[in-house]
1. Per residue in region A:60-87, which ones lose no less than 20 Å² of accessible surface when going from chain alone to all protein chains (1.4 Å probe)?
2. Please name the residues of region B:212-231 whose accessible area, counted over protein heavy atoms with a 1.4 angstrom probe, falls by no less than 30 Å² between the chain alone and the full protein assembly.
3. Scanning chain B for helices, which whole DSSP H stretches are 24 Å or more long along the axis (Cα) and average -1.0 or more by Kyte-Doolittle?
4. Heavy atoms only, probe 1.4 Å: what % of the accessible area of the protein assembly as shown goes to carbon and sulfur, would you let me know?
5. Relative contact order for chain B: what is it in percent, counting Cα pairs under 8 Å that are at least 6 residues apart?
6. To the nearest 0.05, how large is the calculated FRET efficiency for B:MET198 and A:LEU139 if R₀ is 35 Å and r is the Cβ-Cβ distance?
7. Hey, can you rank A:150-163, A:45-58 by average C-beta count inside 10 Å, highest first?
8. Could you work out the relative contact order of region B:55-150, using alpha carbon pairs under 8 angstrom and six or more residues apart, expressed as a whole percent?
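The values are calculated or read from the model by the stated rules, or taken from the named source; none is laboratory data. Bear in mind the structure is a predicted one, so any value in this text is a computation, not a measurement. Quick reminder, even Gly has a Cβ in these numbers, built from the backbone with ideal geometry, and neighbours come from all protein chains shown. In case anyone asks, the SASA skips ligands and DNA or RNA and just uses the protein heavy atoms, side chains included. Shrake-Rupley method; radii C 1.70, N 1.55, O 1.52, S 1.80 Å.
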Amino acid sequence: MSQEETLLINFKNVTKTYGSVVALDDVSFGVKKGEFVFITGPSGAGKTTILKLILGEIIPTKGEVRVDNLNIINLNDKNLPSYRQKIGVIFQDFKVLPDRTVFENVAVALAVVGLPESEWEERAKHILKLVGLGRQANLFPSQLSGGELQRVSLARALSINPKIILADEPTGNLDWKTSDSLMELLEKINKEGKTIIMATHNMEIVGKYKKRVIHLNGAKITEADKEK
Amino acid sequence: MFNIHFRTAWSYIRRSPFQALAVSFVLTLTFFVATIVSVLVYSSSRMLSYFETRPQVIAFLKSDAEEGDIADLQQRLQANPNIKDVKYVSKEEALLIYQEATSDNPLLGQLVSPSIFPASLEFSVTDLSFAQSTIDTVRQEAIVDSVGFTAALGGEASLDDVIGRLKTVTNYVRIGGITFVGLLVVTSLVILLVITGMRVVGRREEVEILNLIGATKGFIRSPLVIEASIYTLSGVVLGWAIAFIAVLYLAPSVVMYFGEIPILPKDAIGLFKLFGIILGIEVFAGAILALSGSLLTISRVKKVR
């Protein structure tokens, strides 16, 4: 088996432009199954663009993005949903459904992947307990703190048992203590074999957790495969 | 799985009750009018059919007509596909009919003998449009003295006038009713589009999140389709029920007014059957309306990739 074939995520000479703005310029890297990778860099460096490409939200202008041996350019309306169901996403702005309870936010994700309704409660309760939201299950997002909302986002991402977890600045809106506890959770999940790609510009976190770093600047990778 | 979509749809309705009321009210009005128009179309068709199928033409026979010739003509009339219910009325039977008609004054019946009444062949035509040509043909028969018709409404001078008036009335009911219902259906569709459009705008963030976590189009659309279906189904049931109650209330006086003309089914089962068919058609039309309204709105949501 070649090295390329063992990669879960493979970017080959990827360029992405938005009109005249170059978001990624000839970027190449690979991520193996079970890796925890930080994507760092200043605002506008292309961190979110990488995550969007992996999620199939956008397609590359040039080059090739393969995820689990699937070229994302081949994703269409039919297979895009099932592809995304393999990926858990944690957003900086949480993106929780505001008019649904914590439990329902997780249940929606379970409904999306087609899990029978009879299994929702057990699975959701287990995940919520895991992220420390066991007692907040029936609360609405407006009744939660920023850290708790991010945990809801994490619980939703984990509930579908994804192959890959994408985290876009998950600590961006959190204080240090809450960020640390979220990172501990992510590390625990990574140890269970999940591949995690986390975009962040929080260098303190990057420094504390010794993981592989892909550093972007000006739409290019400037420092890759750095194990801190 | 249906439960989660139904709960979502129900929560949209509960969160904006006035929008829900507005769309339900318009749909109720639409289906109420549609039910009434359907009954009117049915009744006018029955009325036309009644006049088309009752014995209309009487061929009065010459007094010297031979029985063999009469039987021959009767057979030829029965063989004509445009003619039905051919009946021979002898002079004696004609007298009996006259005596029955004048039973309140028996003296009139006693003063006449069968010989003054001509024998006749009575028949009806399958469609009134054949009547005039049939009369003209029968009139030329050697044993026929004269031909008359009984379908006279409002003192029309000729059969063409009778046909013309009935068909005009029926067409007015059909075209006018269908146009009015059509306008209401379009209004309902527009209101449904506005309401579901508002939902889509209100759900933009939710749709975006669902898209990102891998929800299929069907999953995202389902609550909107269910919501539109709830509106149309409630409109169908309410509009139909109000019309049904109104018809049940008015039926005795309407039936009495029209006498022997069967504009409504005579028995309860027939009436229930008629309204059952109307309900079935309206539920089908409502489903089409709900689907087209909600899917049209969703299709307008811009897809970005």
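1. When all protein chains are present, A:LEU75, A:ASP77, A:PRO81, A:ARG84 each give up 20 Å² or more of accessible surface.
2. Buried by the other chains: B:LEU212, B:ILE213, B:GLY214, B:LYS217, B:PHE219.
3. Values: long enough: B:17-53 (53 Å, 1.26); B:159-202 (64 Å, 1.36); B:217-258 (56 Å, 1.45); B:268-299 (45 Å, 1.90).
In chain B, the long hydrophobic H runs are B:17-53, B:159-202, B:217-258, B:268-299.
4. Numbers: 15840 of 26780 Å².
Using a 1.4 Å probe with all protein chains present, the protein assembly as shown comes out at 59 percent carbon and sulfur.
5. Relative CO of chain B lands at 32 percent.
6. Details: r = 28 Å, r/R0 = 0.79.
Computed FRET efficiency for B:MET198 and A:LEU139 comes out at 0.80.
7. On the way: A:150-163: 24.8, A:45-58: 22.4.
Result, highest mean Cβ count within 10 Å first: A:150-163, A:45-58.
8. Details: 141 pairs, mean separation 49.0, N = 96.
Worked out over region B:55-150, it gives 51 percent.
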